[in-house]
Amino acid sequence: MRDAAKAVGALGRAAGLEQAARLRSGWYARYLWVFAAGQLVLVPMAVLWHGPVSAVVFAVTNALLVTGLSVYAMRQRVMRRGFGVKHGVMMGSWATLFALTITVGTAAFGHGVAFAAVAALVCALPPAVGAWTERRGAV
């Protein structure tokens, strides 16, 4: 009987920890929304600007975004179960779309403003979907 009570208590504590993690994991949705917004600036910059100065500005801006988001993420104490897989799938999807957009898209569609706008939205899609699903799962 004591073992059953201990097991029930352990399961209750585990459920409480998971609920706390779920409630405090909203930071990841904010992280992803900022990352998605960054794509709306960085992708047009990569598509429309040319030359070494633009490459430096792009690299510095991207480094600031990634550094800021990384520092923010490291300061968070809670990660939900499955976070690593979700983040890996989201980043892999984004990286694939970004690479295709910049290489194939630029070669096929040129450096037009319309292409840059569509490319920015396409590259912002994986983090935006991730943020939306994370917000739904945190409630």
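The values are calculated or read from the model by the stated rules, or taken from the named source; none is laboratory data. Everything numeric in this text was worked out from a predicted model, so none of it was measured. For neighbour counting, all protein chains shown are included, and Cβ atoms are generated from backbone atoms with ideal geometry for every residue, glycine included. Just so you know, the surface numbers come from the protein's heavy atoms only, side chains and all, with ligands and any DNA or RNA stripped out. Shrake-Rupley method; radii C 1.70, N 1.55, O 1.52, S 1.80 Å.
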Residue pairs, Cβ under 9 Å, 6 or more apart or interchain, first in region 52-81 and modelled with pLDDT of 95 or more, second open to solvent by less than 50 Å² (accessible area, probe 1.4 Å) and not in a helix (DSSP H, G or I). List them.
none
Of Thr133, Thr96, Thr106, the only residue that is in a helix (DSSP H, G or I), of a type in the set (Ser, Thr, Tyr) and farther than 30 Å from Val78 by Cα is Thr106
Of all residues in region 61-87, which are over 14 Å from Gly38 (Cα atoms), surrounded by 14 or more Cβ atoms within 10 Å (Cβ to Cβ) and among the hydrophobic types (A, V, I, L, M, F, W, C)?
Val78, Met79, Phe83
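Taking the stated definitions as given, is Ser54 under 16 Å from Ala131 (Cβ atoms), surrounded by 12 or more Cβ atoms within 10 Å (Cβ to Cβ) and small (Gly, Ala, Ser)? Lay out the reasoning, then the answer.
Details: under 16 Å from Ala131 (Cβ atoms): no; surrounded by 12 or more Cβ atoms within 10 Å (Cβ to Cβ): yes; small (Gly, Ala, Ser): yes.
For Ser54, the condition - under 16 Å from Ala131 (Cβ atoms), surrounded by 12 or more Cβ atoms within 10 Å (Cβ to Cβ) and small (Gly, Ala, Ser) - is not met.
Could you tell me which residue of region 99-139 is surrounded by the most Cβ atoms within 10 Å (Cβ to Cβ), considering only residues that are in contact with a Leu (Cβ under 8 Å, 6 or more places away or on another chain) and closer than 11 Å to Leu48 by Cα? Before the answer, list the steps.
Of region 99-139, the ones in contact with a Leu (Cβ under 8 Å, 6 or more places away or on another chain) are 111, 113, 116, 120-128, 130-131, 134, 138.
The next check asks that each one be closer than 11 Å to Leu48 by Cα; those that pass are 111, 113, 116.
Working: His111: 14, Val113: 10, Ala116: 22.
Filtering region 99-139 for residues that are in contact with a Leu (Cβ under 8 Å, 6 or more places away or on another chain) and closer than 11 Å to Leu48 by Cα, the one surrounded by the most Cβ atoms within 10 Å (Cβ to Cβ) comes out as Ala116.
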